[in-house]
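Here the structure is laid out as structure tokens; the discussion comes afterwards.
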Amino acid sequence: MTQDPTSLAADEPAGAPPTTLPLDIRFEAHTHPRTAQQLAYEVVRRAILRGALVPGTRLTQGQLAAQLELSTTPVREALRRLASEGLVRIDAHRGAIVRGLDKSELSEIYEVRLLLEPLAIRKATERITDAELARAEDLWEQMEDHSDVGAWSELNREFHGVFANAAQSPRLTEILRGLRDSAAPYVRWSMVLHPDFPVTANREHRQLLDACRARNGELAAGIEEQHLQATLAAVMAQQAGQAT
């Protein structure tokens with residue numbers, strides 16, 4: 001019988017030493033997930049994007065269910081969703097594993113982002129509200145403190161997400177969200193090896209915010225494109241350094 005490649009393998013055998021994963025289950029009241037599946041998804045996704053779960057980490061259903069005090073069914077569905085978004089891969093024998101970094105994948109992610117992000121920014125400059133501009137400003141101020149790599153990476157994703165949401169194109173927003181999630185581990189590791197990366201990125205974030213506040217779509221789109229190209233160059237340089 002052929003095994004379904006999307007199925008999750010059984011957990012570790014009885015008697016295996018328990019391992020506690022670095023999961024943060026704290027949420028603000030207004031952001032707390034409403035379902036068990038959403039809780040499992042958000043907790044694991046956040047741990048991956050913040051670097052708490054490094055590439056190669058094995059994620060077993062039983063282990064996650066025990067830590068989150070859930071049944072295995074919502075955990076299984078959460079892992080499948082994360083696999084569909086490219087954050088984990090499903091191994092027929094080992095279960096779910098946090099995905100590693102891949103240079104060709106990175107190039108493709110940014111090739112698509114370079115096409116879609118400027119489009120979203122042009123739309124956003126026409127439709128962004130004062131409240132959304134204030135939110136982007138607040139995120140930028142928080143990113144000025146870049147001592148915590150994981151926190152900065154998360155704030156960076158949220159910052160760009162403000163403009164994607166402001167475009168008021170739900171399908172485009174969802175596509176870009178997936179691309180940012182896939183790019184986040186690369187950005188995070190580039191920050192580890194290049195501590196000055198956030199300084200340049202924050203300067204470009206400031207320029208982008210000012211252009212959107214001025215409702216200058218073409219200027220904002222050009223800044224976004226330049227920002228993405230600079231980020232790609234920094235991450236590719238880090239990848240090349242690891243390969244040598």
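Cβ-to-Cβ counts within 10 Å put Glu117, Glu144 in ascending order as Glu144, Glu117, the fewest first. Relative to the dominant Cα principal axis of the chain, helix 130-143 is inclined by about 70°.
Which residues make up the longest stretch of the chain clear of trypsin sites (Lys or Arg not before Pro) that lie in a DSSP loop with no more than 16 other Cβ atoms within 10 Å, not counting the sites? Display every interim value, and only then the final one.
Working: sites that count: Arg26, Arg34, Arg94, Arg215.
By the stated rule (loop sites, at most 16 other Cβ atoms within 10 Å), 95-214.
Here's how it looks for Arg99: its modeled amide H is under 5 Å from those of Gly56, Val88, Arg89, which are all 5 or more places away or on a different chain. Note on the chain: with charges restricted to the Cβ of Lys and Arg (+1) and Asp and Glu (-1), its dipole about the Cα centre is near 480 debye. Rg/Rh for the chain stands at 0.99; both radii use Cα atoms, and Rh follows the Kirkwood definition.
None of the figures in this text is laboratory data; all of them are computed from the coordinates on show. Treat the numbers as computed from the prediction; the structure is a model and nothing was measured. FYI the Cβ positions are ideal-geometry reconstructions off the backbone, even for glycines, and counts take in every protein chain you see.
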